[in-house]
There are 2 protein chains.
Amino acid sequence: MKELRFGVIGWGYWGPKIARNLDTLPQAMVTTVADNDAQRLAMLAVNQPWIKTATHVEDLFRSDVDAVVIATPVRTHYQLARAALLHNKHVLVEKPLTASIAQAEELIALAQERERVLMVGHTFEYNPAVNELRKLVQSGDLGKIYCFEAERVNLGLFRNDINVIWDLAPHDVSILLYLFGKKPEKIKVQAHAHVQSHIEDVAHLDLEFADGMNAHIHVSWLHPCKIRRVTVIGDARMVVYDDTNPAEMIKIYNKGADVHADPVVSYRYGAITIPHIDWIEPLRLECEDFANSIRIGVQPRAHGGIGLEVVRILAAAQDILKKQERQNAEVPV
Amino acid sequence: MKELRFGVIGWGYWGPKIARNLDTLPQAMVTTVADNDAQRLAMLAVNQPWIKTATHVEDLFRSDVDAVVIATPVRTHYQLARAALLHNKHVLVEKPLTASIAQAEELIALAQERERVLMVGHTFEYNPAVNELRKLVQSGDLGKIYCFEAERVNLGLFRNDINVIWDLAPHDVSILLYLFGKKPEKIKVQAHAHVQSHIEDVAHLDLEFADGMNAHIHVSWLHPCKIRRVTVIGDARMVVYDDTNPAEMIKIYNKGADVHADPVVSYRYGAITIPHIDWIEPLRLECEDFANSIRIGVQPRAHGGIGLEVVRILAAAQDILKKQERQNAEVPV
C-alpha cells in the first residue's frame, strides 16, 4: 500500500485535529502544513519538527502531497480547493464546501475532469449516533416521519465573516439530508442580528418536503446553554439525539398520537430505549473515508455533490434574508 | 365584607381547579356550576352537594351569583361572557379571551358600560417565577434585552377545534407582554399540520419589536419530551425559566458577548444564580385578584385589555397562515 502524503491548509482549531486523525491511519501521514500565521507554524515546528511548514500556500501545492485538507474560513474555500485540484491534489474541504452554488458546481466539475476526490468535512455523517439514527429512520421503525427538529445553540463563538446560518446550520442540514436522502421543496427563515450589525446571530430555518415532512433548524450564538439536539418525530416512534449527553446520545420514545376517525386522537405511551452505540471518533472515520476514496478511486460518503446540496439550502436561506431586508428598506418611514 | 358568590361554567379539567381556589378565599364561595354534561354534574352533586348545578347556563345567569368563571372551549367564550355581562355578572374567562379581535373589543366595551370586571385567565401572570423574571427584566439587571425565547412542547393534548397556536401560545404571548409591556411590530409564522388535517400541531411564531428585540415562541403537540422553558437573553445577563424544574425554576447566567470595536466580540463567563422563589399557587393569586377587583372596583392584572392584546397576536398569526394557504392554493399543479 502506497504511503499517502497529506497537506493541511489552515492550522487553527480544526486543522490540527484533522492532522492527528490522518496520522493515525495506516500508510498515511501529514507532511506539509500551510498557514499565513508564522507564529502558529513556529509552534508546530517545535512540536512536530518532521512536518514541513509553508506560509505561502503555493509552496504546499507544489510539494509532493497527494491530498490537501482545507481548514480555513469559508470565503477562502473555493479558491484554495480550485488551486489544489488544478495541482492534481485530492481535496477535503471543511464545511460548508463553498460560499456559493456556482463555486461548488465549478469545483465538482473540476474534480471530475481531473479525476480527483472532492470531499467536504460533514463530520456528523460519520458520527456513530447519527448513523444509529439513520438506521432507525431508514428501517421504518419510526413509521411515517412527521418532522425533524434540530437545535444548535450556545454562547458564541461569534464569527465576523459569516452569519450563524453559514456557521452552524451546515451541520444540521447535512444531518437532515443524510438521514432522509431527499431534498426540501420550500424554505422559510426567521433570523436576527443582535450583537454585531448585519451578521445574524440567531436563526430558525423551516424546510418543507413534498411528502408533508418538515424540518426546523434553530441555530444561535446567543444562548446561555449549550444545546445540541436533534429530534425525529414519526407516527410510530420518536427519537431524540442529544450530542451533549455521551452516555444517552440516542433515546427512542415508543410513544405517539393516533388518529382514529379524524379528529379523534388517542395517545400511546411506551418504554424509552437507549441503544448502545459503539463509539469511534467521527473525524477518524471521515479521514479513513477520505484516504480509502483516494486509494480505491470512489466517491467518499460526503462527496462534493453532498456539499453542493447543503450549500444550495444555505444560499436559499441567505437569499430570503436579503429579500426581506430589501422589503423592509422599501417601507416608508 | 360581603360574601361573594361565584358561578362556574364548564366542569372539565380546569373548572374544578378554579372552584377549589375560589372556595379558599375569605368570604367567597362557589354556589352554582353549569355544564351541559349531566353526568359530570351528578358526580359534583355527590361530592359537593351544597353546590347548585345547572345543565342550562341560563339558570346560572339567572341565579344570585355575583361573578362567573368561564372554563369552556374558546369558541364559546364570547357568547357566554357576553351573556354573563348582560346579566350584570363580573366575568373571568379562560385564555384566550375570545376567538377574534372584534369579540374581545365588544366584551371590553360591554364590561365598561356595565361597570363589571372582565378578566382573562392568564395564569402565568400570577406565577411567582414569572414575576421573579419580570423583576429581573424591569430592574435592568439583564441589560439591553436581545431576545425572548419560549418553548412549550409535549405529546398532546391534541384539540380538534383550535390549532396549537390558539391552544398553547396564549401562555407565552401573555408572559411576553407581561414581562416587557410593549407590543410587537411584526410577526412571522411557520406552522405545520401533521396528525390532523388542517389543524396545525407544530408552530413557531417570530415577533419583532421596534427596538430590535425579538421573541420566538415554539409550541407543539407533537414532541416526545415535555419542555416548558422561557429564555430571556440580555447583553448583561441571561435567564432561563424552566417550569418543569420546581427546585431551579429560574437560573440567572452571568455571561454574555461584548462587542468592542465591531466586529471584535469577547465573552464573559460568570456564576449561575438560582434565586429562591416563595411559591404560592398561581391560580390562587389569580382568584384573589379577581375577588379583590370585584370588591374594590379596580382592573385586575389580567384585565380584558390584556386579553385583547394576546388575541390580536394570535389572530395576526392565524391571518398569516390563511394567507400562506391561499398562496399555496394558487400555485399551479
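The values are calculated or read from the model by the stated rules, or taken from the named source; none is laboratory data. Every value quoted in this text rests on a predicted model; they were computed, and no experiment measured them. Neighbour counts run over all protein chains shown; Cβ positions are idealised from the backbone, glycine included. Only protein heavy atoms, including side chains, enter the accessible area calculation; ligands, DNA and RNA are left aside. Shrake-Rupley method; radii C 1.70, N 1.55, O 1.52, S 1.80 Å.
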Worksheet entry | Geometric extent, Cα atoms of region B:100-147 - Rg, Dmax (angstrom) | 16.2, 43
Practice prompt. At a temperature of 10 °C and a viscosity of 1.306 mPa s, determine how fast region B:36-185 diffuses translationally according to Stokes-Einstein, using the Kirkwood radius over alpha-carbon pairs as Rh; express D in µm²/s, rounded to the nearest whole number.
Written response: 89 µm²/s
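Scaled to the compact-protein estimate 2.2 N^0.38 Å, what is the alpha-carbon radius of gyration of region A:219-307, rounded to two decimal places?
On the way: Rg = 19.1 Å, N = 89, 2.2 N^0.38 = 12.1 Å.
Output field value: 1.58.
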Worksheet item: Who wins for biggest fluctuation among A:Asp258, A:Asp167, A:Asp37 in a Gaussian network model of chain A, springs between alpha carbons below 10 Å?
Response: A:Asp258
Worksheet entry | Net +/- balance of residues flanking B:Met213 in space, Cβ distance below 14 Å, scoring K and R +1, D and E -1 | -3
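One quarter of the convex hull surface, Cα atoms only: what value does that give for region B:42-120 in nm²?
Details: hull surface 21.3 nm².
Result: a mean projected hull area of 5.3 nm².
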Worksheet entry | Probe 1.4 Å - accessible area at A:Ser63, Å² to nearest ten | 20 Å²
Worksheet entry | Inter-copy separations for A:Arg295, label at 7 Å along Cα-Cβ, nm, ascending | 8.4
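Once you list every other residue whose beta carbon is under 14 Å from the beta carbon of B:His303, what net charge do they have if Lys and Arg are +1 and Asp and Glu are -1?
Details: positive: B:Lys95, B:Arg116, B:Arg301; negative: B:Glu105, B:Glu115, B:Glu125, B:Glu286, B:Asp289, B:Glu309.
Summing Lys/Arg as +1 and Asp/Glu as -1 gives -3.
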Practice prompt. In whole Å, largest first, what are the principal axis extents of the Cα atoms in chain A?
Written response: 69, 59, 40
Item to complete: With θ set to phi - 60°, apply the Karplus curve 6.51 cos²θ - 1.76 cosθ + 1.60 along region A:233-242 and write out the HN-Hα couplings as whole Hz, x wherever there is a Gly or Pro.
Response: 10, x, 6, 9, 9, 10, 10, 10, 10, 10
Worksheet item: Can you tell me the accessible area per residue over region A:125-279, all protein chains present, probe 1.4 angstrom, in square angstrom?
Response: 37 Å²
Item to complete: Please report, as a whole percent, how much of the solvent-accessible surface of the protein assembly as shown comes from carbon and sulfur atoms (probe radius 1.4 Å).
Response: 51 percent
Discussion item. Not counting ligands, DNA or RNA, and with a 1.4 Å probe, what is B:His122's accessible surface area in Å² rounded to the nearest 10?
Written reply: 0 Å²
Worksheet item: Residue of B with Cβ nearest the axis relating B to A, plus distance in whole Å?
Response: B:His204, 3
Discussion item. Give me, ordered by chain and number, the residues 5 or more places off A:Val68 or on other chains with an amide H under 5 Å from its own placed amide H.
Written reply: A:Gly7, A:His90, A:Val91, A:Leu92
Item to complete: Leaving ligands, DNA and RNA out of it, rank B:Asp23, A:Asp211 by accessible area with a 1.4 Å probe, largest first.
Response: A:Asp211, B:Asp23
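At the nearest 100 Å², what buried accessible area, both sides summed, do you get for B and A when the probe is 1.4 Å?
On the way: alone 16310 and 16330 Å², together 28420 Å².
So the total buried area for this chain pair works out to about 4200 Å².
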Discussion item. On C-alpha positions alone, give me the angle between the axis of helix A:38-47 and the longest principal axis of chain A, in degrees, nearest 10.
Written reply: 80 degrees
Worksheet item: Regarding region B:1-98, what whole-number volume in Å³ per residue does the convex hull of its Cα atoms give?
Response: 91 Å³
Discussion item. Give me P(r) over region B:274-331, computed from all C-alpha to C-alpha distances, binned every 10 Å, as integer percentages.
Written reply: 19, 25, 24, 18, 12, 4
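At 25 °C and 0.890 mPa s, what whole-number value in µm²/s does Stokes-Einstein give for the translational diffusion of the protein assembly as shown, with Rh from the Kirkwood sum over Cα pairs? Can you show the working numbers first?
Numbers: Rh = 27.8 Å.
The estimated diffusion coefficient comes to 88 µm²/s.
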Worksheet item: To the nearest 10 degrees, how steeply does helix B:15-24 sit against the main Cα axis of chain B, on a 0 to 90 scale?
Response: 80 degrees
Fill in: P(r) tail fraction, region B:78-121 - alpha-carbon pairs more than 12 Å apart, %
51 percent
Response to the item:
Rounded to the nearest 500, the 222 nm mean residue ellipticity computed for the protein assembly as shown from DSSP H runs (n ≥ 4, each -39500 (n - 2.57)) alone is -11500 deg cm²/dmol
Item to complete: About the Cα centre of chain A, how large is the charge dipole given +1 on each Lys and Arg Cβ and -1 on each Asp and Glu Cβ? Please answer in debye to the nearest 20.
Response: 240 debye
Worksheet item: What are the principal axis extents of the Cα atoms in region B:209-271, in Å, biggest first?
Response: 44, 30, 20
Fill in: Taking N as its residue count, the alpha carbon Rg of region A:125-279 over 2.2 N^0.38 Å
1.11
Discussion item. A drop of at least 30 square angstrom in accessible area, chain alone versus all protein chains together, probe 1.4 Å. Which residues of region B:238-280 meet that?
Written reply: B:Met238, B:Tyr253, B:Lys255, B:Ala257, B:Val259, B:Asp262, B:Pro263, B:Val265, B:Tyr267
Worksheet item: Which one of B:Gln138, B:Asn160, B:Asn47 has its Cα pushed farthest toward the positive end of the charge dipole of chain B, where Lys and Arg give +1 and Asp and Glu give -1 at the Cβ?
Response: B:Asn47
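Suppose we look only past 23 Å in the calculated P(r) of region A:163-251. What percent of the Cα-Cα pairs does that tail hold? Kindly include the intermediate steps, with their values, before the conclusion.
Values: 1144 of 3916 pairs.
Cα-Cα pairs in region A:163-251 separated by more than 23 Å: 29 percent.
Going through region A:1-41, which chymotrypsin sites (Phe, Trp or Tyr not before Pro) have at most 10 other Cβ atoms within 10 Å and a DSSP loop state?
Details: sites: A:Phe6, A:Trp11, A:Tyr13, A:Trp14; in loops: A:Trp11, A:Tyr13, A:Trp14.
Answer in residue order: A:Tyr13.
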Worksheet, complete the sentence: region A:30-77: spread of alpha-carbon positions along the three principal axes, whole Å, largest first, is 29, 23, 14
Item to complete: Per residue of B:194-202, count partner chain C-beta atoms within 10 Å of its C-beta, then hand back the mean as an integer.
Response: 5
Fill in: Residue pairs, from the table A:Lys255/B:Lys186; B:Lys186/B:Lys226; A:Lys89/A:Lys251, whose Cα atoms sit over 31 Å apart
A:Lys255/B:Lys186; A:Lys89/A:Lys251
